[in-house]
Amino acid sequence: ADQGYNLLRLKGLPPAPPQHVYRLWAEVDGRQVGCVQFVPDNDGVVAMPIPSEPSSHASRLSISLEPLRPGGDQ
């Protein structure tokens, strides 16, 4: 958090189906807040900087697999 970002590191994720992405969620004060979308590499690895807000204040983090909407927005 001192650098202004956190690092998301995951291993072993299966590939996202076509037209789908993974999304990181942070639970902050009992609310689910969307953080970032991502797709693992061919080895199932994700290593990317993410904004420190809201992930630094999360009591829990979770990941979902979601369809892309037109324009790539979630």
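The values are calculated or read from the model by the stated rules, or taken from the named source; none is laboratory data. Since the structure is predicted, the reported quantities are computational estimates derived from the model, not experimental observations. Cβ atoms come from the backbone with ideal geometry, glycine included; neighbour counts cover every protein chain shown. With ligands, DNA and RNA removed, areas are computed over all heavy atoms of the protein, side chains included. Shrake-Rupley method; radii C 1.70, N 1.55, O 1.52, S 1.80 Å.
Looking only at residues in region 61-72 that are open to solvent by 50 Å² or more (accessible area, probe 1.4 Å) and either aliphatic (A, V, I, L, M) or in a helix (DSSP H, G or I) (or both), which one is modelled with the lowest pLDDT? Step by step, filter region 61-72, then rank; the result is Gly71. Scanning region 35-47 for residues that are under 13 Å from Arg23 (Cβ atoms) and either in a strand (DSSP E or B) or out of contact with any strand residue (DSSP E or B) (no Cβ under 8 Å at 6 or more places or on another chain) (or both) turns up Cys35, Val36, Gln37, Phe38, Val46.
Annotation note: Cβ proximity below 9 Å between a residue of region 41-60 that is surrounded by fewer than 16 Cβ atoms within 10 Å (Cβ to Cβ) and a residue that is in a strand (DSSP E or B) and charged (D, E, K, R) (sequence gap 6+ or interchain) occurs for Val45/Arg9; Ala47/Arg9; Met48/Arg9; Ser59/Glu27; Arg60/Glu27. Applying the condition of being loosely packed, with under 10 Cβ neighbours inside 10 Å and either charged (D, E, K, R) or touching a Lys or Arg at 6+ places or on another chain (Cβ under 8 Å) (or both) to region 5-33 and asking which residue is nearest to Ser59 (Cα to Cα) yields Asp29.
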